Amino acid sequence: MQGTMLYGPRDIRFEDRPEPTITKPTDAILRLSATCVCGSDLWPYRGIAEMKQPTPMGHEYCGIVEEVGKEVRNIKPGQFVVGSFATSDNTCLICKDGYQSSCLQREFMSAAQAPLLRVPLADGTLVATRDLPPKELIASLLATSDVLGTGWFAADAANVRPGRTAVVVGDGAVGLLAVLSAKQMGAERIIAMSRHGPRQKLAREFGATDIVTERGEEGIARIKDLTKGMGADSALECVGTQESMMQAIRSTRPGGFVSYVGVPHGVELHGEQLFYAEVHLHGGPAPVRRYLPELIGLVLNEKSNPGRVFDLMLPLNQVADGYRAMDERRAIKTLLRP
């Protein structure tokens with residue numbers, strides 16, 4: 001088969017790769033219905049995250065089970081499944097507490113930008129739908145694999161509640177789906193921080209009540225103005241930079257909640273600033289597996305349409321064009337069809 005490999009900064013190739021096989025009795029092999037490019041893929045693509053050797057790319061996926069290992073009990077060939085970017089046994093204490101992304105057996109998925117994918121710990125990682133879903137729901141089901149699950153975790157970890165105010169820092173796919181998640185959790189006011197016209201439009205359609213274009217000190221001041229000087233009840237940090245983290249913390253009222261789901265690069269927190277901010281901090285790699293059954297149900301019942309974040313759809317062999325479009329902010333998120 002052919003799959004996506006990153007050789008260095010902005011050097012994406014679609015080339016011959018060995019087909020995956022069952023290597024452990026808990027594995028499954030999927031034939032993917034769809035995969036995509038993630039905003040976090042842009043860190044190594046841009047050369048910001050270190051990469052020591054050519055690396056297979058992709059960690060968001062859904063598709064049909066082709067084969068399972070002899071110890072797989074709940075996942076069957078022929079089922080349509082969605083999986084998380086982090087594998088989990090879903091039985092250990094950490095998993096039972098809802099943090100499957102930190103399972104002691106965790107592996108971070110890669111190599112999903114290909115037609116076939118090996119998924120370790122299949123029983124604990126994959127969630128099957130009862131029936132094969134219609135094609136028009138595939139994009140939204142794919143979104144549950146990471147960006148919706150991550151946006152949902154951002155809202156959950158930031159204690160978004162009915163009648164409260166939430167500010168979302170970041171207008172990528174995760175930030176936009178954090179807006180959608182905050183809306184579905186009942187936030188009365190949702191402030192999206194964005195400077196990009198099409199993303200602002202989608203944020204409003206997902207439930208944003210206000211748009212703030214300012215950043216840094218001006219952005220924080222604008223949030224304070226909109227909240228009568230107090231700050232937001234919840235701030236959802238969906239970028240991963242020093243500026244975005246501090247903007248989230250300083251936009252939150254004392255006693256409020258800050259979640260951080262953007263993969264951090266160069267983020268450092270000052271102890272005294274945190275001490276006097278008096279906010280709750282909660283974040284990390286999203287435990288997508290915790291939310292998958294609920295999110296898949298919302299999509300299948302057509303109560304949520306997160307697939308709208310995919311504004312560019314390409315054949316998988318044009319994956320390099322998908323990376324370029326996202327890198328240049330011509331696309332929010334690229335869906336790839338094997």
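All of the numbers you see were taken from the coordinates with simple rules; none came from a lab. Computed from a predicted structure; not experimentally measured.
Our summary of shape: the Cα atoms of segment 172-221 have principal axis extents of 29, 21, 16 Å, ordered from largest down, in whole angstrom.
Restricted to Cα atoms, segment 135-204 shows a radius of gyration and a Dmax of 11.8, 36 angstrom. Stokes-Einstein diffusion for segment 42-137, with the hydrodynamic radius set to the Kirkwood value over Cα pairs and evaluated at 25 °C in a medium of 0.890 mPa s, equals 166 µm²/s. Relative to its residue count, segment 190-243 spans a Cα convex hull of 85 Å³ per residue. A viscosity of 1.002 mPa s and a temperature of 20 °C, combined with the Kirkwood radius over Cα pairs in Stokes-Einstein, give a translational diffusion coefficient for segment 151-283 of 154 µm²/s.
By the rule of a C-alpha distance below 17 Å, with chain neighbours fewer than 8 residues away ignored, the lysines paired with Lys303 are Lys135, Lys183.
Our note on the geometry: Cα centres of segment 44-75 and segment 78-143, 10 Å apart. Of the three principal axes defined by the Cα atoms of segment 249-305, the extents in descending order read 47, 25, 17 Å. Counting 0.36 nm for each residue step from Asp97 to His282 and taking away their Cα separation leaves a gain of 65.1 nm. Structural descriptor for the chain: relative contact order 18 percent, calculated from alpha carbon pairs under 8 angstrom and at least 6 residues apart.
Principal axis analysis of the Cα atoms in the chain yields extents of 59, 40, 38 Å, listed in decreasing size. With both residues required to sit in the chain, DSSP beta bridges show an antiparallel share near 55%.
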